[in-house]
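The values are calculated or read from the model by the stated rules, or taken from the named source; none is laboratory data. In this text the structure is predicted, and so the values were computed from the model without any measurement. Cβ atoms come from the backbone with ideal geometry, glycine included; neighbour counts cover every protein chain shown. To get the accessible areas, we keep the full protein, side chains included, count just its heavy atoms, and leave off ligands, DNA and RNA. Shrake-Rupley method; radii C 1.70, N 1.55, O 1.52, S 1.80 Å.
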Amino acid sequence: MTKVQSVVEIDAPVDTIWDVLTDTSYIVKLFRDAVAVKVDPPGRSFVGQKYHLIGKVGRRRIEIFLQVAELVPKSKVVTVHTPGGLFKSFQQETLIHPEVGATVAKTTFEYELSLGYVGKVLNQILVERLVRDNLTSYSNTLKELSELLPLPAAEEGNA
């Protein structure tokens, strides 16, 4: 099993980071090579909710099936693999907690590729590298999205 871990300091409150982590419209933005996601049922994340993620490896389409396994409000999100697709096993855990001057987000991915899925059409070494790159970039993208400032409100009469 492969483990990828990253820790980032985010200049945003816990509430903002939690909103990014649990708003399912951000899933495609958080994973660099994600193309589309079907959320069942739609809406903000909750335990038991399933994701069917479509991604790309080079010019090949891949599928990933995930389910929200645990949510601890404003603290922890755990997503696990469901049968089928790229992974034989997969677990993602993101922990967030405030510290002086910033919020720390620690994300851990543990996974094993499905060799039957990968071996049919893809080079395992290439897939392994791309998966690691995607998972490593996840935390940086979470930071960027959480630190975005809202546009200033239009002043009356200038709209």
Inset, instruction - Of all residues in the stretch 91-100, count the ones that are of a type in the set (Val, Ile, Thr) and surrounded by fewer than 16 Cβ atoms within 10 Å (Cβ to Cβ). - result: 1
Legend entry - Residue that is open to solvent by less than 20 Å² (accessible area, probe 1.4 Å), among the hydroxyl-bearing types (Ser, Thr, Tyr) and touching a Pro at 6+ places or on another chain (Cβ under 9 Å), where the choices are THR79, THR103: THR103
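Look at the stretch 39-80 and say how many of its residues are of a type in the set (D, E, K, R), in contact with a strand residue (DSSP E or B) (Cβ under 9 Å, 6 or more places away or on another chain) and farther than 16 Å from TYR111 by Cβ. Full working, then the answer.
First, the residues of the stretch 39-80 that are of a type in the set (D, E, K, R): 40, 44, 50, 56, 59-61, 63, 70, 74, 76.
With the extra rule that they be in contact with a strand residue (DSSP E or B) (Cβ under 9 Å, 6 or more places away or on another chain), the set shrinks to 40, 50, 56, 61, 63, 70, 74, 76.
Those still in the list that are farther than 16 Å from TYR111 by Cβ too: 40, 50, 56, 61, 70, 74, 76.
Within the stretch 39-80, residues that are of a type in the set (D, E, K, R), in contact with a strand residue (DSSP E or B) (Cβ under 9 Å, 6 or more places away or on another chain) and farther than 16 Å from TYR111 by Cβ number 7.
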Inset, instruction - Say whether the condition of being assigned to a strand (DSSP E or B) and among the hydrophobic types (A, V, I, L, M, F, W, C) is met by at least one residue in the stretch 11-33. - result: no
Inset, instruction - Could you list all residues from the stretch 125-140 that are open to solvent by less than 60 Å² (accessible area, probe 1.4 Å) and at pLDDT 85 or above? - result: SER137, TYR138, SER139
Inset, instruction - Evaluate the following for ILE64: is it touching a Lys or Arg at 6+ places or on another chain (Cβ under 7 Å) and surrounded by 18 or more Cβ atoms within 10 Å (Cβ to Cβ)? - result: no
Inset, instruction - Test GLY101 against the criterion of being over 13 Å from the mean Cα position of the chain (by Cα), more than 17 Å from VAL127 (Cβ to Cβ) and not β-branched (Val, Ile, Thr), and give yes or no. - result: yes
Inset, instruction - Consider LYS88 carefully, then state whether it is open to solvent by 60 Å² or more (accessible area, probe 1.4 Å) and closer than 16 Å to LEU30 by Cβ. - result: no
